[in-house]
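Read through the structure below, which is laid out as structure tokens, and then see the notes.
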């Protein structure tokens, strides 16, 4: 094990130590299930106090990077990094960026189109009956006119999550987490008042049918039409918001 003790600086010592160990985990210098040195050994190696070491270890445990075991063979051990946990942290930042307008709708739609097109292709190759059933269940829910806008939007997210899961590609699912969990909810918050649910459902049905038939062309065409509709709905929602603001200013 080769921890870079010399890279630690004195400001924010616990944070620096935690980042140092985290880097060693993520780049493979510390292996999964490897036991860390004792608190005493870490304190001596880093030239810091044991309470500071404990604070650094707490930071790592909160990130699910290490866990402790009791007993004679216990100690602090490296955990396998949780892709979903890491992607959730990234998603939170992406949601904030979308919320403050760092990305415009054309950028978001382009990102979704390019990445979900890949997902459609792989899903046509790798989709399972379980994945198709998950999408069908969401379509059935979306056809219920009595569900709330919030439930419809949540089902929309789950439909596209099932599409991504059907690719059977772990790294792609991790990459798409931001697209599905950030971009779709944010746009749904804006377009839900102006879009027609039945139109969205129709596009979802077309995608589902194309995946069932392993027809890449039809799947990507339906996705393209869906995202064009989302873009148009977004523009209509912003126009309606602008008109309301203008009317309120004049009254």
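The values are calculated or read from the model by the stated rules, or taken from the named source; none is laboratory data. This one's a predicted model, so the numbers in the text were calculated from it and none came from an experiment. Glycine also receives a Cβ, built like all others from the backbone with ideal geometry; neighbour counts cover every protein chain displayed.
Which of the residues belonging to the stretch 162-193 are under 30 Å from residue 239 (Cβ atoms) and either without any contact (Cβ under 8 Å) to a residue 24 or more places away in the chain or not assigned by TED's automatic domain parsing to the domain that holds residue 123 (or both)? If the condition is that a residue be under 30 Å from residue 239 (Cβ atoms) and either without any contact (Cβ under 8 Å) to a residue 24 or more places away in the chain or not assigned by TED's automatic domain parsing to the domain that holds residue 123 (or both), then 180 is the only one that fits.
Considering 55, 40, the condition of being surrounded by fewer than 13 Cβ atoms within 10 Å (Cβ to Cβ) and in contact with a helix residue (DSSP H, G or I) (Cβ under 7 Å, 6 or more places away or on another chain) is satisfied by 40 alone. Being in a loop (DSSP other than H, G, I, E, B) and modelled with pLDDT of 85 or more is the filter here; which residues of the stretch 44-69 pass it? Within the stretch 44-69, 47, 48, 49, 65 meet the criteria. Taking helices (runs of 4 or more DSSP H) that fall entirely within the stretch 102-207, which contain at least 2 residues that are under 16 Å from the mean Cα position of the chain (by Cα) and surrounded by 16 or more Cβ atoms within 10 Å (Cβ to Cβ)? So the answer is 105-126, 149-165, 170-178, 184-191.
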